[in-house]
Amino acid sequence: GNSLRQICCKTWSAKDHKSYTNPPSNPTQGLKRPRNETGNKVIVVLGAQWGDEGKGKVVDLLATESDLVCRCQGGNNAGHTVVVEGKEYDFHLLPSGIINPKSICVIGNGVVIHLPGLFEEAENNEKKGKLNIFRIIVNAVVDGIQETQRQATEGKIIGTTKKGIGPTYASKASRTGLRVCDLLGDFKEFSTKFKNLVEQYQSMYSSLTVDTESQLKKLKEYGERLRPMVRDGVYYMYEALHGPPKKILVEGANAALLDIDFGTYPFVTSSNCTVGGACTGLGIPPLNIGEVYGVSKAYTTRVGIGAFPTEQLNVTGELLQTRGHEVGVTTGRKRRCGWLDLVILRYAHMINGFTAIALTKLDILDVLDEIKVGVAYKINGKRIPHFPADMELLHKVEVEYETFPGWKSDTSAARKWNNLPQKAQNYIRFVENHIGVPIKWVGVGKSRECMIQMF
């Protein structure tokens, strides 16, 4: 104890406290304050289910008034479809707000980037007009092999997109990952790191073959194309937050139930797609998070395997899949479909603190005679008070439903709340009251004009 105190206090004396005996009348005198003391607030848009909820539509709608639109996590495993002026745009890495010519789009440090995919996506969408890749600021083979090995050893797979997202995040966690700053720095150093990473993976997966020199040549070319778009993300976002007033929008990829920590593990993605991912994936302080909008379909879908309590393996599920055109933008796989599950929406709200909800694809329910909503889970006939962390338990739950009469009329032309049938309004109000979050938008079609704004 004494020896430690002597070490700690060795260079410290009473003289060091002198400045505190006569403090200045203004304690903050001399401190340099940010130009904007409180900072601009950030709007975050997040998926509230298992993804594919229509986040791109909500982001596109908000991006028309945003100065900055940012991606904070995930990679090209995301798939967001936006329809503007009759043209359909598919985004995987690019923020959906890129369609707005006035917005600067940021791909943050939390995103894993497949460089060939980034440029290919930009070029494909540029052909449709309204997109300029130079407004972007940028701060998959192993995946497939891992899935094959899981099938062989365990008889099951996770159902990844095979885009290399998991292995890339794994290399980040093991401190062997390659960053954009590495690519744009000393290329000799980068080449050594790249070769070491290849050797590491080949030692684990003997069937993996890589033409190292060819890949390095391509990466050098991509690096030079990327160079004009790269900024230091921390300083760039700080300037955006504390400079002149700006509207900043963050577009989450995937969704709460796919979050690496809070989702239906292990059938999840490899990043934090809840609200904390906006902070760590862009360098945004929590203080600057403003509105947090959750996006949910009026029913539930899921791609790949994993527990899905309200899934309908019957004619209802097939109808939802067909009417909703439920096919994955990234994978082309059919989505599994079921009734709206308010247990998972409440759970997503607990984690994210949604300030409002966007309820999309209400029109898909137009033809149904009756509509069910999952309101609770039961085990052995007794309600359980929380969403299970144990996936084996989640597979066993019995869903308690509330049943509503269908409205049996076309809502796709509705543009105001009063245009919706009374039974549709009752359905929406029940959802809103049950999860305790106001519904700000109701979607009745593909385009931004089909989003009814409630307040």
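The values are calculated or read from the model by the stated rules, or taken from the named source; none is laboratory data. Keep in mind that this is a model prediction, so the values were computed, not measured. Note that each Cβ is placed from the backbone with ideal geometry, even for glycine, and that neighbours are counted across all protein chains shown. Accessible surface areas use protein heavy atoms only, side chains included; no ligands, DNA or RNA. Shrake-Rupley method; radii C 1.70, N 1.55, O 1.52, S 1.80 Å.
Being outside any helix (DSSP H, G or I) and surrounded by fewer than 17 Cβ atoms within 10 Å (Cβ to Cβ) is the filter here; which residues of the range 276-288 pass it?
Residues of the range 276-288 that are outside any helix (DSSP H, G or I), as a first pass: 281-285.
Matches in the range 276-288: Pro285 only.
Say whether the condition of being part of a strand (DSSP E or B) and open to solvent by 10 Å² or more (accessible area, probe 1.4 Å) is met by at least one residue in the range 44-63.
Scanning the range 44-63 turns up no residue that is part of a strand (DSSP E or B) and open to solvent by 10 Å² or more (accessible area, probe 1.4 Å).
Inspect all residues belonging to the range 257-275 and state whether any of them is within 30 Å of Thr403 (Cα to Cα) and part of a helix (DSSP H, G or I).
yes
Rundown of residues vs (1) of a type in the set (A, V, I, L, M); (2) surrounded by 12 or more Cβ atoms within 10 Å (Cβ to Cβ); (3) within 30 Å of Glu291 (Cα to Cα), yes/no style:
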| position | (1), (2), (3) |
| --- | --- |
| Leu178 | yes, yes, no |
| Gln200 | no, yes, no |
| Tyr222 | no, yes, no |
| Glu251 | no, yes, yes |
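Hey, does the range 331-347 have a residue that's open to solvent by 40 Å² or more (accessible area, probe 1.4 Å) and under 17 Å from Lys55 (Cα atoms)?
Within the range 331-347, not a single residue is open to solvent by 40 Å² or more (accessible area, probe 1.4 Å) and under 17 Å from Lys55 (Cα atoms).
Considering the range 399-423 alone, what residues qualify as being of a type in the set (Asp, Glu) and open to solvent by less than 100 Å² (accessible area, probe 1.4 Å)?
Residues satisfying the conditions are Glu400, Glu402.
Which of the following residues is out of contact with any Cys (no Cβ under 8 Å at 6 or more places or on another chain), of a type in the set (D, E, K, R), assigned to a helix (DSSP H, G or I) and at pLDDT below 90: Arg150, Arg227?
Of the residues listed, the single one that is out of contact with any Cys (no Cβ under 8 Å at 6 or more places or on another chain), of a type in the set (D, E, K, R), assigned to a helix (DSSP H, G or I) and at pLDDT below 90 is Arg150.
Thr209 - would you say it is within 29 Å of Gly332 (Cβ to Cβ) and open to solvent by 70 Å² or more (accessible area, probe 1.4 Å)?
When the stated conditions are applied, Thr209 passes them.
Scan the strands (runs of 3 or more DSSP E) fully inside the range 291-382 and keep the ones with 3 or more residues being not basic (Lys, Arg).
In the range 291-382, the matching strands (runs of 3 or more DSSP E) lie at 356-360, 370-379.
Can you find, within the range 256-272, the residue that is nearest to Ala348 (Cα to Cα) among those that are among the polar types (S, T, N, Q) and open to solvent by less than 10 Å² (accessible area, probe 1.4 Å)?
Thr264
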